[in-house]
Amino acid sequence: MLYHSLLEFQTFAEHTNCVNSIEFSPFSGDQYLCSVSDDEIIRLCDIETSNPLNIFNEHNNVVCCVTFSPLQANNNNNDNSDETIRIWDIEKAKRLIVFKEHDDWVACVKYGSNELLNTILSGSHDKSVRLWDIRSGQQVQVFNGHKDYVKAVEYSPFVIKNSIDNSNVICSGSFDNTILFWDIRSHKKELHVIKEDDVILCFKFLKLNRQKEDANNTKNDYSFNLCCSFKKNQSYLGIIYIFKKNHFSNLFSI
């Protein structure tokens, strides 16, 4: 194994406890860095000047994760162990929305895209997955099926086969060793289960772009694999596993 020395370029040392998550702004050329911490504070810094810009300090427990909204460039949200999800205006340091239906730590959040752009997906230590509408500030669906903490959520690239309205599919990974697939428009039983021997820590869908020839021209044929990381045998080994598309091809379409 090779180790390369890194030259320290900048240091931001305002937090007084463990930093749990950082996110660069998807606007202004990644100029802004947002960070959240066990000190219960969210901080926004300017990378170019190394100056702190804003502090968000309404939480009363550990803040676990942060992400910027793709909908409005000056908004971000965070999830935390005071059981809430909060959306902030980062320019005014003003809280806009609070979602607070979870009964335990909120471990993960994701913004939707395309037709789901106005939604947020969350997973919690209360074992539930919840879908929220940003416009109304209300919970849309709650998905119950996991037997332990939910640590990862994703909007999948799949839709349900033979679905008249092309209902989207979401996924959740848990300490109960499963990844569950759900119909986003129904809170009924999960559509599909991937069962593993180990805790699910995180996962992502990998888009594969392949060219397919037809009688007239060459077209792009998109395929997806699922990449996962587990806590294997009660230890964090840093291994990433990939499930191929045929794991899902009989269930969903793209």
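Below, the figures for the structure above:
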{"read-out": "Check on Asn60, at pLDDT 80 or above, more than 22 Å from Leu131 (Cβ to Cβ) and either assigned to a strand (DSSP E or B) or open to solvent by 10 Å² or more (accessible area, probe 1.4 Å) (or both)", "value": "no"}
{"read-out": "Answer residue from segment 73-93, given it is on the phi < 0 side of the Ramachandran plot and aliphatic (A, V, I, L, M) and is modelled with the lowest pLDDT among those", "value": "Ala73"}
{"read-out": "Residues located in segment 19-71, provided they are among the basic types (Lys, Arg) and within 15 Å of the chain's Cα centre (by Cα)", "value": "none"}
{"read-out": "Which listed residue, of Ser174, Ser156, Ser113, Ser128, is in contact with a Pro (Cβ under 7 Å, 6 or more places away or on another chain) and either closer than 19 Å to Pro70 by Cβ or open to solvent by less than 10 Å² (accessible area, probe 1.4 Å) (or both)", "value": "Ser113"}
{"read-out": "Unmet requirement for Gly123, which otherwise passes all of (1) at pLDDT 90 or above; (2) part of a strand (DSSP E or B); (3) open to solvent by 40 Å² or more (accessible area, probe 1.4 Å)", "value": "(3)"}
{"read-out": "Some residue of segment 182-197 being open to solvent by 90 Å² or more (accessible area, probe 1.4 Å) and at pLDDT 90 or above", "value": "no"}
{"read-out": "Some residue of segment 128-138 being over 16 Å from the mean Cα position of the chain (by Cα), at pLDDT below 90 and among the hydroxyl-bearing types (Ser, Thr, Tyr)", "value": "no"}
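The values are calculated or read from the model by the stated rules, or taken from the named source; none is laboratory data. Keep in mind that this is a model prediction, so the values were computed, not measured. So basically every Cβ, Gly included, is an ideal-geometry build from the backbone, and we count neighbours across all protein chains shown. In case anyone asks, the SASA skips ligands and DNA or RNA and just uses the protein heavy atoms, side chains included. Shrake-Rupley method; radii C 1.70, N 1.55, O 1.52, S 1.80 Å.
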